[in-house]
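Heads up, the thing below is written out as structure tokens.
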Amino acid sequence: MLLLSRLAENLYWIGRYMERAENTARLLNVNYYASLESAGRVDEHWRPLLALTGGEGPLLERYGQLDTRSATAWLAFDLENPSSIASSLARARHNARGLRDRIPSEMWETVNRSYLNLCFETGDVMDRDGLYEYCVAAREAAQFFFGIAFATLPRDEGWSFLRSGQLLERADNTVRVLQARLDSPQDPAAMGGPADPTARALQEQQWVSVLKGASAFEAYRKAAHSGIDPRGVAGFLLFDEYFPRSLRYSAENLYDALAQIDHHHPGAHPDILRLSRWLVARLQYARIDDILEQRSPSLPELLIEINRVGAAIDTAYFQQE
Amino acid sequence: MKYDPGTRFFDEMFRGDGQVRPHYQGVEAYIQRLGTAEFERRRHQLDAAFRNQGITFTVYGDAMGTERTFPFDPVPRIIPAGEWSHIEAGLKQRVKALNAFLTDIYSGAQILMDGVIPSELVFTSAHFRREVHGVTPPGGVFIHVVGTDLIRNEQGEYLVLEDNLRSPSGVSYLLANRQAMTRIYPGMFEGQRVRPVQQYATALLANLQAVSPKPNGTVVVLTPGMYNSAYFEHAFLAQQMGVELVEGRDLFVDAGRVWMRTTGGRRQVDVIYRRIDDDFLDPLAFRRDSSLGVAGLMEVYRQGRVAIANAVGTGVADDKAVYAYVPDMIRYYLNEEPLLNNVPTYLGWNPDHLEFMLANAADLVFKGVGEAGGYGMLIGPAATQEDINAYLKKVRLEPREFIAQPVVGLSRHPTLYADSGTFEGSHIDLRPYVLFGQDVTIVPGGLTRVALTRGSLVVNSSQGGGSKDTWVLEDDDTAHAQEALRAARPPQSQSQSQSQSQSQSQGSGWQSQSQVQGMLSSSGDGPARSYQQELEKEQLSHDQLGEAPETGTWGAEQPGENR
């Protein structure tokens, strides 16, 4: 079963964009509701989330001020923002359109429906308090899409490219979310925890948001049995062996997907497997202190390694002859 | 069912006395039973289904994305078995003659030496490709897929308006329409014995595989890309056939073969079902600025190492001036009388015709001979005197580039109008799809296009045209077969006068034929005719299904009598 390079690239990117739409929807929803009860300053509340997607500069340029309304519009519906939910869905759909003959019609239809329903929204969603429904619809669109893929897409090379894109995006997202939280100026004593109970409550709420943003809150509670401490949360999101959105789990599955692609062309691109296996090995053996204290590897380094795998995939499979 | 068929045009469903024609009785009873409100409600479901499935054509400059669904009317157009077998025989005959013509033209050109068709007309056609002279395509097949536009005149006779021999589009709508209809109105089909159409993709694949230079060759569909207005169709056909949908950038030529780029390296390609015009196929042979094609493809084609469907250079045979000679081709190559007549056509190339055309412009429809997409037309009865004068100036300068035809009154069909909640008559045409190879295969029916805008006579999708499901019935009881056939076949005398006129095309022309009333439609070669994407954007709003805007009835006087 052959696969056109262009279609492999489409599949990889549709995996990334659908995953991105889902991640942004989840983060936005969690942050929006947290902001309603937030004791801190509104702009500080949104800054870490904006940092994930290119910072607040373009938003300020477009809306003039950073507040809850501009931040949500920017992250949810604004097609000017290349990583908004609407942009991600529109790009996913663009890739799916190039794949219409390749993917099951049901997969195409679900992307197309989400596009028609979610990519032409304007601020009125906010006026009718509809952000929650909007974010849920976007998250469900992605979940439905991957669910249909899981149930109907043949497990050939195309599947592995879709899966690679999804997992790479997820790994990237998890690291960025953690990094944004840790870099946040509100977290000077992240590792120890402030003594002031008000500050501690705020910090705890922010870390709960981090967990919820990865749909990890319930899983973390079951696994950790302890309070919400930053080291525990970071350790869970980085290293947990069983939670499907942890960095380690994503990296392991990314390796598996790439190994399956390699089966179709044995040994053609050994570098991809080496890079991806190296990432897995670090996550299997590193401790939380290595990353947060020794910074070996640091979160930015992990991010670079993840994207090095992405670049290697691109060179090997999408840019040939 | 409340409906006024009128008397001016041939009505497909009702006779002049207001009685439902026998082959429509089942559908009429079904609609009565369902009630107009429910019938209309289900139509909305159908629209939503088309929208979600993305069964669309591309429009630019539209806020709601760039795609629209093709409007659809759920009252099916029904063709009785006897009538269909007449159409089928006529189309087979015509396509055989056209393929023989192309074979001849690109080799010895015997028909020209015998003086049946003026060689000047052929060699001056913009779509004649001297680059492929002497090249016999695999299996001797030039026109693997043909979309012939048929209309019915006021008497109900089927006439050929146009042959589309390059890459006719629309067949995906035919298939999608049927699928949607059976889902939304299953009861309508009960007991009707409607012939199936979904075998098209299988037949197309077999037809393409049959011309592969090597056994079990790899077939691909070549599309200009997702911005092409017919992209849905390209993807749909590739999916239904289970072959790759490729763009020019996925292919390359090396070592005398065509390859596609895959994640596992190169893979040889043997048959290309291209939905790109000749001009854009190979920048080394044709337009050098084309980025849609494959550099070096033509050389591989000349070596016989890749099959291209339809073959390169077929456009010479659907040139509108050459079209006028198709009945003569049928006589010449097959030694048969044409079963389906042409619409009478005046050639600017012929000085006598030209004189008539210039004198009667206000009553005629003018078309550019190589044009598609509705460019270069003049609808005399609808035009102002300035328009006519400006147009005739062009005609005088380059008479070979123009033809003119009388306006023909297309048949009408009951169609549901949502705003009035009633059925009204709308003009329709029919584009059957013919697969030509070892055998000739025609999917029963075709795409029926309908002018949905009230009062409009334009079936073109850019002008508010839509489509209908088209049924061909398995068999007829003798009563309707007889009745239908009387209308569908050419009246004996008319057939003769036409053939005389045809054979005397150097002579004074057609005035006895030009009973003008109604509309004439013209259709180009599909959105699949390739444009580079930028070019396309300008074009697409006019060229949804790749047809010319089609023109309506103005109750014009009969031009022939006025000279």
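The values are calculated or read from the model by the stated rules, or taken from the named source; none is laboratory data. None of these values were measured; they are calculated from a predicted model. All Cβ positions, glycine included, derive from the backbone under ideal geometry; neighbour counts span all protein chains shown. Surface accessibility is based on the protein's heavy atoms, side chains included, excluding ligands, DNA and RNA. Shrake-Rupley method; radii C 1.70, N 1.55, O 1.52, S 1.80 Å.
What does the accessible area per residue of the protein assembly as shown come to in Å², with a 1.4 Å probe and no ligands, DNA or RNA counted?
Values: 32580 Å² over 884 residues.
Computed with neighbouring chains in place, this is 37 Å² per residue.
B:M377 contributes an accessible area of around 40 Å² to the protein surface, as traced by a 1.4 Å probe with all chains present. Kindly provide the GluC sites (Glu not before Pro) of segment A:1-46 that DSSP labels as loop, not H, G, I, E or B, and whose Cβ sees at most 12 other Cβ atoms within 10 Å. Of the GluC sites (Glu not before Pro), the ones in loops of segment A:1-46 whose Cβ has at most 12 other Cβ atoms within 10 Å are A:E37.
For segment A:258-311, state which GluC sites (Glu not before Pro) are in a DSSP loop and have at most 13 other beta carbons lying within 10 Å of their beta carbon.
Those that pass, being in a loop and sparsely packed, are A:E293.
Around the amide H of B:D277, modelled in the peptide plane, lie the amide H atoms of B:S530, all under 5 Å away and 5 or more residues distant in sequence or on another chain.
Annotation: average projected area of segment A:234-299 is 4.4 square nanometres, based on the convex hull of Cα atoms across all directions. Our summary gives chain A a relative contact order of 22 percent, counting only alpha carbon pairs under 8 angstrom and 6 or more residues apart. Here segment B:122-192 has an Rg and Dmax of 18.9, 55 Å, counting Cα atoms alone.
Dipole magnitude for the protein assembly as shown: about 1380 debye, using +1 per Lys or Arg Cβ and -1 per Asp or Glu Cβ, origin at the Cα centre. With viscosity 1.567 mPa s and temperature 4 °C, the Kirkwood radius over alpha carbon pairs of segment A:1-82 converts through Stokes-Einstein to a diffusion coefficient of 91 µm²/s.
In the context of the full protein assembly, A:E241 retains an accessible surface of approximately 80 Å², using a probe radius of 1.4 Å and ignoring ligands and nucleic acids. Note that segment B:1-153 shows a convex hull volume over its alpha carbon atoms of 240 Å³ per residue. Across segment B:311-464, Cα-Cα pairs farther apart than 23 Å form 50% of the total.
Taking only the C-alpha atoms of segment B:332-383, the Rg (one decimal) and the largest Cα-Cα distance, Dmax (whole number), read 13.9, 41 Å.
Taking the convex hull of the alpha carbon positions in the protein assembly as shown and averaging its projected area over all directions gives 40.4 nm².
Please check: in the Gaussian network model of chain A (C-alpha springs, under 10 Å), which one of A:A251, A:A286, A:A142 has the largest mean-square fluctuation. Of A:A251, A:A286, A:A142, the most mobile in the Gaussian network model is A:A286.
For segment A:179-321, what relative contact order do you get, as a whole percent, if you take Cα pairs closer than 8 Å and at least 6 residues apart?
Values: 99 pairs, mean separation 22.7, N = 143.
It comes to 16 percent, rounded to a whole number.
Taking N as the residue count of segment A:105-152, its C-alpha radius of gyration divided by 2.2 N^0.38 Å amounts to 1.27. Structural size metrics of segment B:386-444, computed from C-alpha coordinates, are Rg and Dmax of 20.0, 51 Å. As a size descriptor, the averaged projected area of the C-alpha convex hull of chain A was calculated at 16.6 nm². Largest GNM mean-square fluctuation among A:G310, A:G54, A:G267, using chain A with Cα springs under 10 Å: A:G267.
With viscosity set to 1.306 mPa s and temperature to 10 °C, compute the Stokes-Einstein D of segment A:66-181, Rh being the Kirkwood radius across alpha carbon pairs; µm²/s, no decimals. In µm²/s, the coefficient rounds to 104.
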